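> For reference, the structure I am asking about is given below.
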Amino acid sequence: ASDRMLVFMPFSDATTRALSLFQSINTGCVLYYGEELEKLHQNLTHVQPTIIYSSPILWERFESVIRVKLGTASPDVLSAGVKDKLRTFIGCREARFAFSGAVAIHSRTLNFYAALGLRIRNIYAKGALTGVCSIDLGTEGRTPGSCGTLLPGIQARVTAGVLEISG
């Protein structure tokens, strides 16, 4: 109930609906609704959400801004204090769960954030209407970038190179 989530992805996205509306009903987490896209960074740094969900473009944009600031320095060699300041700068200082969905995220981006102490987990949803199919909840030994495990009642198989999901 003490979690905070900033909602800025469209509600046509099944994961946005599941993580925001349904999650707040189930747990009582507080939802903040973002203003126009131009104010997203300001909204993130103000709210400092504990749960954040976005398509990879947000993660990639922040990564490119930080890489410019770092120059040739690798995030692996930064002090804990600098890493904390960078997470604060992007609005993820207090993030317990950071999710990416809608399309695949590059492993380079996942590794970059992991070096900053922020593990981004994938969520896979089948289309805008059906809902979330799988989620990576950080199980030990899981490959970074995987879509996690299927939710109860969901079945998946690959037939002729095409992923089929039912449930």
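> Search region 33-45 for residues being free of Cβ contacts under 8 Å to residues at least 40 places away in the same chain and in a helix (DSSP H, G or I), and hand back the single one that is least open to solvent (accessible area, probe 1.4 Å).
Restricting attention to region 33-45, the residues satisfying the condition of being free of Cβ contacts under 8 Å to residues at least 40 places away in the same chain are 33-40, 42.
Cutting the leftovers down to in a helix (DSSP H, G or I) gives us 37-40, 42.
On the way: 37: 128, 38: 156, 39: 69, 40: 19, 42: 111 Å².
Across region 33-45, the extreme among qualifying residues is 40.
> Of all the residues that make up region 11-27, how many are in a helix (DSSP H, G or I) and loosely packed, with under 15 Cβ neighbours inside 10 Å? Before the answer, list the steps.
Start the filter on region 11-27 by keeping residues that are in a helix (DSSP H, G or I), which leaves 14-27.
Going one step further and asking which of them are loosely packed, with under 15 Cβ neighbours inside 10 Å, we end up with 21-22, 25-27.
Of the residues in that region, 5 qualify.
> Being within 13 Å of the chain's Cα centre (by Cα) and open to solvent by 60 Å² or more (accessible area, probe 1.4 Å) is true for just one of 30, 68, 77, 103. Which residue is that?
103
The values are calculated or read from the model by the stated rules, or taken from the named source; none is laboratory data. All of these numbers come straight from a predicted model, not from anything done at the bench. Cβ sites come from the backbone with ideal geometry, for glycine too, and all protein chains shown count toward neighbours. Side chains are part of the model used for accessible areas, which takes the heavy atoms of the whole protein and leaves out ligands, DNA and RNA. Shrake-Rupley method; radii C 1.70, N 1.55, O 1.52, S 1.80 Å.
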